[in-house]
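Written out below as structure tokens is the structure these notes cover.
Derivation of every value follows stated rules applied to the coordinates shown; laboratory data play no part. All values derive from a computational prediction rather than experimental measurement. Here Cβ is always computed from backbone atoms with ideal geometry, including for glycine, and neighbour counts include all displayed protein chains.
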Amino acid sequence: MTERIEFLSNKEVQNEDGVMVPQDNVVVFSCWAEVLNTPIREFKDATTKVGNRKESPNFAIKFEPQRLIDSTWKVRWRGSVYEIIGIDEDFDKRDLTKLECKAVNAK
């Protein structure tokens with residue numbers, strides 16, 4: 001695992017006046033991840049026939065049953081934010097959890 005990623009959530013936090021206000025992209029936790037290779041045919045845009053792995057990266061992280069990943073969270077990797085569009089948790093072997101992501105501003 002060579003890349004550090006952060007999991008982000010939208011939740012309410014207390015401001016200096018003691019009032020709960022919504023805040024975007026609050027860091028829930030971070031962990032080490034591996035960026036998985038994706039075959040060209042799986043991430044290529046059908047209209048332009050061009051793919052960009054940075055728009056739809058797939059990550060593998062250590063299986064962590066005490067921290068189940070919420071599908072409403074986002075992932076921050078190398079300064080960019082990605083929404084989680086798929087989670088594959090290996091409850092059988094308890095080895096890795098795979099995350100399929102897509103850039104928040106990607107079309």
request  = For VAL81, list long-range residues whose amide hydrogen, built 1.01 Å from N in the peptide plane, is under 5 Å from its own amide hydrogen.
outcome  = VAL104
query = Taking amide hydrogens as modeled 1.01 Å from N in the peptide plane, which residues meet the under 5 Å criterion relative to SER56, leaving out close sequence neighbours?
reply = ALA103
task = Would you mind getting me the FRET efficiency between ARG4 and ASP88? Use the beta-carbon distance for r and R0 = 35 Å, nearest 0.05.
result = 0.95
Residues of type aspartates and glutamates that LYS93 reaches as a straight line, Cα spacing below 16 Å, ignoring anything fewer than 8 places off in the same chain = GLU64
Under the Karplus curve 6.51 cos²θ - 1.76 cosθ + 1.60, θ = phi - 60°, whole-Hz ³J(HN,Hα) for segment 68-76, x wherever Gly or Pro sits = 6, 6, 8, 5, 8, 6, 10, 10, 9
